[in-house]
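Peer 1: Please read through the structure below; I'll follow up with questions.
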Amino acid sequence: MPVRRIPKSYRNVTGIYASSKSIDSAMFESTLERDFITLLEFDSHVLEFEVQPVKIEWTDQNGKRHRYFPDVIFKRKTEYGVETVLVEVKYRSDLKKDWDELKPKLKAGLHYAKQQDWKFKIMSEIEIRTVLQKNAKFLQPFIRRGADREGDMDLLDNKLRELKNSTPAQLLSELVQSDWDKAALLPTLWYLIGTRQIICDLENSPLNMNTPIHWKA
């Protein structure tokens, strides 16, 4: 459960992200935090995450007590096991403008994470708003919706198995002729791509009708 209630903001967009991996409500205070949660939700290696999970307290050189609430903690699978990462999400402009104020908080976060044997990261729009994030944002509604018909999944999979390599436009054209029928199959195709049942380079290529796709053996 978040240790600090996220307030409504007239400067930033606040809300709750519909998540299957969040331990509690996936609340966000900015569109950048929302976009980061989109990445966590889409990343198949991420097992779970929690928003504002810990309160970190420290005393400055003048003896004044401070509190700090990092934005997100998540657990993900690696080749060595499972790692835990504590994250602060900040725009680059805010990091630059407020660095003197943020630096002791971030140092406290890093120290706390080391004590727990966690990693600590600062994530800005450079690391978050990537091609993968844009593709994830596009695909998430189709993943939540699911395939319209199981038969459509088999139809698309069998044809792509035959072709081995294709594009969304080519694959649909191989199966049906009318634009209506293509439009009916397209949400299931996006679902298969979003759930990694069809191989596609989502990290480097913006997803469109001409993006290369490959059958997953």
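Peer 1: Which one of Lys75, Lys134 is surrounded by 13 or more Cβ atoms within 10 Å (Cβ to Cβ), within 16 Å of the chain's Cα centre (by Cα) and closer than 19 Å to Gln52 by Cα?
Peer 2: Working: Lys134 fails: closer than 19 Å to Gln52 by Cα.
Lys75 is the lone residue from the list that is surrounded by 13 or more Cβ atoms within 10 Å (Cβ to Cβ), within 16 Å of the chain's Cα centre (by Cα) and closer than 19 Å to Gln52 by Cα.
Peer 1: Of all residues being among the acidic types (Asp, Glu), buried (at least 19 other Cβ atoms within 10 Å of the Cβ) and touching a Lys or Arg at 6+ places or on another chain (Cβ under 9 Å) in region 25-53, which is farthest from Arg144 (Cα to Cα)? Just the residue, please.
Peer 2: Asp35
Peer 1: Continuing with this model, one more query. Would you be able to say whether some residue in region 173-180 is among the small types (Gly, Ala, Ser), touching a residue at least 40 places away in the same chain (Cβ under 8 Å) and either surrounded by 15 or more Cβ atoms within 10 Å (Cβ to Cβ) or not in a helix (DSSP H, G or I) (or both)?
Peer 2: Checking region 173-180: not a single residue is among the small types (Gly, Ala, Ser), touching a residue at least 40 places away in the same chain (Cβ under 8 Å) and either surrounded by 15 or more Cβ atoms within 10 Å (Cβ to Cβ) or not in a helix (DSSP H, G or I) (or both).
Peer 1: Please go through region 145-156 and pick out each residue that is surrounded by fewer than 15 Cβ atoms within 10 Å (Cβ to Cβ) and not in a loop (DSSP other than H, G, I, E, B).
Peer 2: Hits for region 145-156 are Arg145, Glu150, Gly151, Asp154.
Peer 1: Also: Report the residue count in region 181-217 for those that are assigned to a helix (DSSP H, G or I), over 18 Å from the mean Cα position of the chain (by Cα) and β-branched (Val, Ile, Thr). Working first, answer last.
Peer 2: Of all residues in region 181-217, those assigned to a helix (DSSP H, G or I) come to 181-194.
Next cut, over 18 Å from the mean Cα position of the chain (by Cα) only: 181-189.
Those left that are additionally β-branched (Val, Ile, Thr): 188.
Count: 1.
Peer 1: Among the numbered conditions (1) at pLDDT 90 or above; (2) surrounded by 19 or more Cβ atoms within 10 Å (Cβ to Cβ); (3) not charged (D, E, K, R), tell me where Ser22 comes up short.
Peer 2: Failed condition: (1).
Peer 1: Hey, another quick one. Taking the options Thr84, Thr59, name whichever one is β-branched (Val, Ile, Thr), without any contact (Cβ under 8 Å) to a residue 24 or more places away in the chain and touching a strand residue (DSSP E or B) at 6+ places or on another chain (Cβ under 7 Å).
Peer 2: Thr59
Peer 1: I need the full set of residues from region 157-172 which are closer than 25 Å to Ser44 by Cα and assigned to a helix (DSSP H, G or I), in order please.
Peer 2: Asp157, Asn158, Leu160, Arg161, Pro168
Peer 1: Looking at (1) at positive phi; (2) among the acidic types (Asp, Glu); (3) surrounded by 12 or more Cβ atoms within 10 Å (Cβ to Cβ), find the lone condition where Glu88 falls short.
Peer 2: Evaluating Glu88 over (1) at positive phi; (2) among the acidic types (Asp, Glu); (3) surrounded by 12 or more Cβ atoms within 10 Å (Cβ to Cβ) leaves (1) as the failure.
Peer 1: Now for a different question. How about region 181-210: which of its residues are among the β-branched types (Val, Ile, Thr) and surrounded by fewer than 17 Cβ atoms within 10 Å (Cβ to Cβ)? Write out each step before concluding.
Peer 2: Here is the first cut: in region 181-210, the residues among the β-branched types (Val, Ile, Thr) are 188, 193, 195, 198-199.
Once the filter is applied, which keeps residues that are among the β-branched types (Val, Ile, Thr) and surrounded by fewer than 17 Cβ atoms within 10 Å (Cβ to Cβ), region 181-210 yields Thr195, Ile199.
Peer 1: On to the next question. Would you check if Ala113 is among the small types (Gly, Ala, Ser), touching a Leu at 6+ places or on another chain (Cβ under 6 Å) and surrounded by 12 or more Cβ atoms within 10 Å (Cβ to Cβ)?
Peer 2: So Ala113 passes the test.
The values are calculated or read from the model by the stated rules, or taken from the named source; none is laboratory data. Computed from a prediction, not measured in an experiment: that's the story for all the values here. Cβ atoms come from the backbone with ideal geometry, glycine included; neighbour counts cover every protein chain shown.
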